Amino acid sequence: MEEKKRHSFGGSIGFVLAAAGSAVGLGNIWRFPYLAAKDGGGLFLVVYIILALTFGYTLLTTEIAIGRKTKQSPLTAYTKLHDKWGFLGAIASIIPVIIMPYYCTIGGWVVKYFFVFLTGHGADAAQDGFFTGFITSQWEPIITFVIFLAVSAFIVFRGVNKGIESTSKIIMPILLVMILGIAIFSLTLKNTNDAGEVVTGLQGFKIYIVPNFEGLTIGKLFTVLIDALGQLFFSLSVAMGIMITYGSYVKDDANLGKSINQIEIFDTVVAFLAGAMIIPAVYAFMGTEGMSSGPSLMFVSLPKVFAAMGVAGNIIGTIFFAMVLFAAITSAVSVMEAVVSCIMDAFHTSRTKAGTIEGIFALIVGIIVCLGYNKLYFEFKLPNGSTAQILDIMDYISNNLLMPIVALATCILVGWVIKPKTVIEEVEKSGCKMGRKRLYTAMVKVIAPIFLILLLLQTLGIMKL
Ligand code: PHE
């Protein structure tokens, strides 16, 4: 009876694009390029790709297979796998509840920038202090947050097929074309800097892809490894119940192995293109200095780059932020869907009721997050040494703390308790062969847990790099 009511994706393409929609988000476009710039360009790329094919592949396969096998939301999926492991479902389900409000707050910032460029005011966004002025104002961030949340909620209310699948099928191909277009444009850029030298986007591209071994030490290599690991985790939307939720909507005859590869390729290609789009442009207009701007890259440095392009800057800026919006919305939808599916399963309630509960919760907490830069401003020191506001604290708890714990526990459960063959059999259920089986087994049992422990030690500030 319950099984009958459960929605499912209409086809493999819909599933792949919806899952890629979840994976491709702010992480790919905003976080990946600044990490690549910080960690020696090509060196980071190589490490990231190797980890994606091993570590990322393992976690993604595990979660999607758990979802399809149990046909449950993350809250109940773990209990179905093993009756003593239900607690893990509870922890995993809390993560998207925490993420939703602050992810939508950042989504709201993107809404703001999109409108600024659309209305031809890109030059304002290039002024010093524009970003801080905006996020510390009282109402504007709340309004843009509510717009972003409303759009995401609307898609979730429409359901798995009509909402998530059909939106992803339209948005994801457009996103790919847009990012490819801007990346090509970025490579053709030329600028004369203050010293009178002509700097090209192509030179920036070289810095991006050629590994920089200068001053490379074991310690530095380790930093690159940990950065790439953390990024991969965030980027693939694993360890927060999302891929279990989406996996539970996949039909039993779908070729899981092939879909998983396609999702990974999509996510990695978009991350690579985001770097190819942003790094050459920032390099041409701001030199290496601009590239080391870290998290402020998207909201502070890029608007300056667009402003330096003159009239074209407003157009490119509008396309750019529209694309970021697309990427962020499909991710927010997946976060909300994970929560909604848990509420539906736990209380046997309708999608509309579950969506309303989560929507109202996210609305209230999101407003608190926005006010964290205004009325509720305070400074908090995190164990890793950085100063945080409400948004950063929530990000730290979910991303740095709970996600590695959930991933580690999941690997132990699959590797040692229910055994890797449970996942392998699920992938091969429809008659397709799962590639890299030995690699998968070694990863899930031993190597991934070691990586995850290192990541945890680092974020807890126990192991300093
Ligand atoms: N994977 C998304 C990205 O790369 C981020 C994300 C975070 C998605 C949290 C869902 C939940 O931006």
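Under a crude label model (7 Å from the Cα following the beta-carbon direction), how far is L53 from E197 in nanometres?
According to this spin-label approximation, the distance is 3.5 nm.
Tell me which trypsin sites (Lys or Arg not before Pro) from the stretch 5-87 have a DSSP coil assignment and no more than 15 other beta carbons within 10 Å of their own. Please report the intermediate quantities before stating the final value.
Working: sites: K5, R6, R31, K38, R68, K69, K71, K80, K84; in loops: R6, K71, K84.
Passing both the DSSP loop test and the Cβ count: R6, K84.
Picking from Q127, I453, V146, whose Cα lies most toward the positive end of the charge dipole for the stretch 2-459 (charges on Cβ: Lys, Arg +1; Asp, Glu -1)?
Value computed over the given set: I453.
Using r as the Cβ-Cβ distance of K206 and I357, and R0 as 56 Å, what FRET efficiency do you calculate, to the nearest 0.05? Intermediate results must be reported in sequence, preceding the final value.
Details: r = 51 Å, r/R0 = 0.91.
FRET efficiency, K206 to I357: 0.65.
Would you mind checking the stretch 73-111 for residues with the amide N under 18 Å from a putative spin-label position 7 Å along Cα→C-beta of V417?
Under cut-off, by backbone N: 73-95.
How far, in nm, would the chain grow between L221 and K251 when pulled straight, counting 0.36 nm per residue and subtracting the alpha carbon separation?
On the way: separation 30, 0.36 × 30 = 10.80 nm, distance 4.17 nm.
Here the answer is 6.6 nm.
Compute the relative contact order of the stretch 50-184 as a whole-number percentage, counting only Cα pairs closer than 8 Å that sit 6 or more residues apart in sequence. Working shown, then result.
Details: 74 pairs, mean separation 20.1, N = 135.
Relative contact order, the stretch 50-184: 15 percent.
Provide the gained length on full extension for the span I265 to I450, in nm with one decimal, where the gain is 0.36 nm per separating residue minus the Cα-Cα distance.
Values: separation 185, 0.36 × 185 = 66.60 nm, distance 2.47 nm.
Here the segment from I265 to I450 would lengthen by 64.1 nm.
About its Cα centre, how strong a charge dipole does the stretch 2-459 have in debye, to the nearest 20, once Lys and Arg get +1 and Asp and Glu get -1 at the Cβ?
Details: 32 positive and 27 negative charges, 273 e Å.
Result for the stretch 2-459 is approximately 1320 debye, rounded to the nearest 20.
Do any trypsin sites (Lys or Arg not before Pro) in the stretch 378-465 lie in a loop, going by DSSP, with at most 10 other beta-carbon atoms within 10 Å of their beta carbon, and if so which? Numbers along the way, then the final one.
Values: sites: K381, K421, K429, K433, R436, K437, R438, K445, K464; in loops: K429, K433, R436, K464.
Counting only loop positions with at most 10 other Cβ atoms within 10 Å, the trypsin sites (Lys or Arg not before Pro) in the stretch 378-465 are K433, K464.
Measuring from label point to label point, each 7 Å out along Cα→Cβ, what is the T132 to L371 span in nm?
According to this spin-label approximation, the distance is 2.4 nm.
So which DSSP H runs in the chain come out at 15 Å plus along the axis (Cα) with average Kyte-Doolittle of at least -1.0?
Correct list, ordered by number: 12-23, 57-70, 86-118, 140-157, 166-187, 218-235, 256-291, 311-347, 351-371, 448-459.
Between the stretch 258-318 and the stretch 148-170, what's the alpha-carbon centroid distance in Å?
Their Cα centres are 26 Å away from one another.
Considering the zone a paramagnetic label at E214 would reach in this model (a point 7 Å from Cα along the Cα-to-Cβ line), which residues of the stretch 269-288 have amide N under 15 Å from it?
Within reach of a label on E214, which here means backbone N under 15 Å from a point 7 Å along Cα→Cβ, the stretch 269-288 contributes 287-288.
Enter the Cα centre distance for the pair the stretch 421-455 and the stretch 87-124, rounded to the nearest angstrom.
32 Å
Rounding to the nearest 20 debye, state how big the charge dipole of the stretch 319-465 is about its Cα centre with +1 on each Lys and Arg Cβ and -1 on each Asp and Glu Cβ.
Working: 13 positive and 9 negative charges, 121 e Å.
So the dipole magnitude of the stretch 319-465 works out to roughly 580 debye.
I'd like the trypsin sites (Lys or Arg not before Pro) in the stretch 178-257 restricted to DSSP loop residues with at most 16 other Cβ atoms within 10 Å, sorted by number. Before the final figure, lay out each step's value.
Working: sites: K190, K206, K220, K251; in loops: K251.
Those satisfying the criteria are K251.
What's the longest bit of the chain with no exposed chymotrypsin sites (Phe, Trp or Tyr not before Pro), using DSSP loop states and at most 13 other Cβ atoms within 10 Å as the test?
Numbers: sites that count: W139, F213, Y377, F378.
Result, exposed sites excluded: 214-376.
Expected output is a single nm value to one decimal: the length gained when fully extending between A312 and T349, i.e. 0.36 nm times separation in residues minus the C-alpha distance. What is it?
Working: separation 37, 0.36 × 37 = 13.32 nm, distance 5.01 nm.
Fully extending the segment from A312 to T349 adds 8.3 nm.
Each reported figure results from applying straightforward, stated rules to the coordinates on display, with no laboratory input. Predicted model, so just to flag it, every value in this text is computed and none were measured. Note that we place each Cβ from the backbone using ideal geometry, even for glycine, and neighbour counts take in every protein chain shown.
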